[in-house]
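In what follows, a single structure is set out as structure tokens and then discussed.
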Amino acid sequence: MSADLINRLAGIFTVVSLVVLALCLFSFFLYRREKNPVIKFIERRGVVVVFSLSLLGLVGSLVYSLGVGYAPCDLCWYQRIFMYPLVFLFGFDLLKKRSAALPYGLLLSIVGFSIALYHTILQSSIGGSLPCPATGVSCAQRFVFEFGFVTIPLMSLTIFSLILMVLLVLYFNSRKRV
């Protein structure tokens, strides 16, 4: 596969994911909690969704760095530090048929989301004046720019946003049952 094809597929997935995220957030205001189909789906399949999204983030980052050859910057490494454990935490939860990783997953997702948000702002035109902590590859360098706005940090931010949304629904619904 060529880098252009990988970029296009990742860009399409990111745009579709952003639309799904917006529709899910909209449904939270449209439906009451008891009748919300998104909340019902997350209650049944939330751990599988988080595991799948984090696995996709892991594979995607490895494809870009090892397959395509894009060297990750410091901020990309930090995002990976908070994404990769999610695969193992929620994979283990799936194997054991339990959900003990929820508080750890929330913490990892919040920090990863924050780093991805900063990195996305850094690469946007409004963030051009922010300091880049890179010692090697510049964090402001865009390797991907699909559809005029999709970058690698935006891909990471999108996955972290979806994971965070699912984990927050699981967290608040588990607290209401206690």
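Has the range 82-94 got at least one residue that is in contact (Cβ under 8 Å) with a residue 60 or more places away in the chain and hydroxyl-bearing (S, T, Y)?
Among the residues of the range 82-94, not one is in contact (Cβ under 8 Å) with a residue 60 or more places away in the chain and hydroxyl-bearing (S, T, Y), which makes the answer no.
Please verify whether the range 41-60 includes one or more residues that are surrounded by fewer than 17 Cβ atoms within 10 Å (Cβ to Cβ) and part of a loop (DSSP other than H, G, I, E, B).
Within the range 41-60, none of the residues are surrounded by fewer than 17 Cβ atoms within 10 Å (Cβ to Cβ) and part of a loop (DSSP other than H, G, I, E, B).
Would you call L18 assigned to a helix (DSSP H, G or I), at pLDDT 90 or above and either in contact with a Phe, Trp or Tyr (Cβ under 9 Å, 6 or more places away or on another chain) or of a type outside the set (D, E) (or both)?
So L18 passes the test.
Quick one: count up the residues across the range 157-172 that are surrounded by fewer than 23 Cβ atoms within 10 Å (Cβ to Cβ) and of a type in the set (S, T, Y).
The number of residues fulfilling the criteria is 2.
Looking at L130 and the list (1) within 12 Å of the chain's Cα centre (by Cα); (2) modelled with pLDDT under 90, which single condition is not satisfied?
Unmet condition: (1).
Output the number of the condition that K35 fails; it satisfies all remaining conditions of (1) more than 17 Å from the chain's Cα centre (by Cα); (2) of a type outside the set (S, T, N, Q); (3) crowded, with 18+ Cβ neighbours inside 10 Å.
(3)
Conditions (1) assigned to a helix (DSSP H, G or I); (2) among the polar types (S, T, N, Q); (3) at positive phi, marked per residue:
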position: Q79; (1), (2), (3): yes, yes, no
position: Y84; (1), (2), (3): yes, no, no
position: S99; (1), (2), (3): no, yes, no
position: F113; (1), (2), (3): yes, no, no
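Here is a check on your reading of the model: is S99 among the hydroxyl-bearing types (S, T, Y), out of contact with any helix residue (DSSP H, G or I) (no Cβ under 6 Å at 6 or more places or on another chain) and modelled with pLDDT under 95?
no
The values are calculated or read from the model by the stated rules, or taken from the named source; none is laboratory data. Quantities reported herein were computed from a predicted structural model and do not represent experimental measurements. Here Cβ is always computed from backbone atoms with ideal geometry, including for glycine, and neighbour counts include all displayed protein chains.
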